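Below is one structure, written out as structure tokens; the observations come after it.
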Amino acid sequence: MQRTAEAVSLGHPDKIADYISSYILDRLIEQDPHTRYAVEVMIKDNTVVLGGEVTTSALLGDLTTHVKNALSEIGYDERYASIWGKHAIDPAQIKVINMIGVQSSDIAQGVNQDGWGDQGVFVGYASQGEGKINRELFLARKLNKALYEKARTSDNLGLDIKTQITLNDDQIETAIVAIPMLYEEDLTDFVISVLGEKPANIIINGTGRYTYHGSIARKLACDFYSTAAPIGGGSPWTKDASKADLTLNVYARILACENLADNDECFVYLSSCIGRKELPSGLIKTIKNGIIFYHDLWCNQKPSALIKAYGLDKPIYAKLCDKSISGIQN
């Protein structure tokens with residue numbers, strides 16, 4: 001049976017957008033741990049649009065500087081711009097459009113009573129194997145990370161990277177890599193060494209040429225569990241911990257890891273109600289040797305308790321964004 005998963009690097013535009021927002025959130029939480037934050041980022045060429053809602057006693061500061069610092073951490077700095085020119089983001093040319101407002105008082109009154117900041121459904125997943133994720137996703141991310149680290153010091157390879165792994169009966173059938181190059185470079189041996197075996201097919205830059213980096217950011221789905229599990233509700237990134245999209249996605253993944261035990265797979269399903277702390281529903285599904293077991297899960301953990309337990313009132317959001325939800329194990 002064929003199974004496929006993909007991964008993107010921190011230099012991919014979707015990740016860039018999430019990382020910029022997470023970086024700004026960290027700067028606010030450093031000043032005010034009770035910051036309420038939901039800021040989306042759109043990137044088009046060298047224009048960055050920030051739009052959303054923030055309630056905080058912290059100073060936003062110079063948003064252009066924050067954006068440039070976030071880009072520099074990713075690797076889009078002056079050196080990179082001097083190599084790639086018009087083919088990639090140029091920090092010196094960045095223009096930031098600020099469309100940030102204040103959080104609705106209707107939402108705040110529920111959050112102030114230790115209720116969730118939104119409603120939604122959430123799925124956590126864990127399976128046997130390295131990283132407690134399915135093997136195709138583990139390998140796609142392993143290859144992606146290795147290529148990104150190689151590109152950080154290269155004068156030829158770019159940071160906007162996507163990888164895709166297809167397994168067939170647990171053997172690597174196809175490895176696909178999309179990575180910017182100024183001139184053709186054979187990465188076949190590198191791919192084989194990272195994966196630890198030779199795929200039947202290796203495809204690098206399937207169009208034959210890849211120089212221009214992606215310039216438009218969208219919402220990122222592959223930060224979850226690929227096709228192994230439903231995504232559930234919204235993306236966890238670009239939000240503070242009062243938002244269930246963040247904390248309950250983290251919690252669902254942690255519960256899935258905790259309840260995996262000797263099962264082949266574990267799924268955790270949660271839902272939330274805006275303004276309320278009790279979860280309307282919770283379910284654990286485990287699979288072992290093809291047999292499915294269901295267990296009801298009752299959770300009335302206050303948002304504040306989960307936020308404190310997992311350190312989500314600390315400036316850790318850029319780090320979490322880099323890791324991805326399925327990279328969280330405890």
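Every number here is computed from the coordinates shown, using simple stated rules; none is lab data. Every value quoted in this text rests on a predicted model; they were computed, and no experiment measured them. Please note: Cβ atoms are built from the backbone with ideal geometry, for glycine as well, and neighbour counts cover all protein chains shown.
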Among beta bridges assigned by DSSP with both residues in segment 152-262, the antiparallel ones amount in percent, to the nearest 5, to 65 percent
Percent relative contact order for the chain, counting Cα pairs under 8 Å at least six residues apart, stands at 26 percent
Sparse-neighbourhood loop hits (chymotrypsin sites (Phe, Trp or Tyr not before Pro), segment 139-244; DSSP loop; Cβ within 10 Å at most 12 others) -> TYR183
Among PRO315, THR247, PRO236, the residue whose Cα sits farthest towards the positive end of the charge dipole of segment 228-319 (+1 at Cβ of Lys and Arg, -1 at Cβ of Asp and Glu, taken about the Cα centre) is PRO315
With +1 at each Lys and Arg Cβ and -1 at each Asp and Glu Cβ, the charge dipole magnitude of segment 126-166 around its Cα centre, to the nearest 20 debye, comes out at 140 debye
With the label point 7 Å along the Cα-to-beta-carbon line of THR207 and a cut-off under 11 Å to each amide N, the hits in segment 1-35 are none
Percent relative contact order for segment 14-109, counting Cα pairs under 8 Å at least six residues apart, stands at 32 percent
Connecting every pair of Cα atoms under 10 Å apart in the chain and solving the GNM, the largest mean-square fluctuation among ILE74, ILE83, ILE133 falls on ILE83
Sorting LEU182, TRP298, ILE165 by the position of each Cα along the dipole of the chain (Lys, Arg +1; Asp, Glu -1; all at Cβ), the one nearest the positive end of that ordering is TRP298
Between ALA200 and GLN128, Cβ-based FRET efficiency (R0 22 Å, step 0.05) works out to 0.35
For ILE192, placing the label point 7 angstrom along Cα-to-beta-carbon and taking segment 129-149, residues whose amide nitrogen sits under 11 Å are none
The set of residues whose placed amide H lies less than 5 Å from the amide H of THR238, leaving out same-chain residues fewer than 5 positions away, is SER22
Length gained, ILE274-ASP62, 0.36 nm per residue minus C-alpha separation, equals 73.1 nm
For segment 234-315, the Cα-Cα pair-distance distribution in 5 Å bins from 0, as whole percents, is 3, 14, 24, 23, 17, 11, 6, 2, 0
Rounded to the nearest 5, the percent of DSSP beta bridges in segment 236-330 running antiparallel is 100 percent
Checked segment 14-109 with the C-alpha gyration tensor, a ≥ b ≥ c its square-rooted eigenvalues, rounded below a/c of 1.5, otherwise prolate if a/b is larger than b/c and oblate if not; verdict prolate
Kirkwood Rh over alpha-carbon pairs of the chain plugged into Stokes-Einstein at 10 °C, 1.306 mPa s gives a D in µm²/s of 76 µm²/s
Under the 7 Å Cα-to-Cβ spin-label approximation, GLU53 and ASN300 lie apart by a distance in nanometres of 2.8 nm
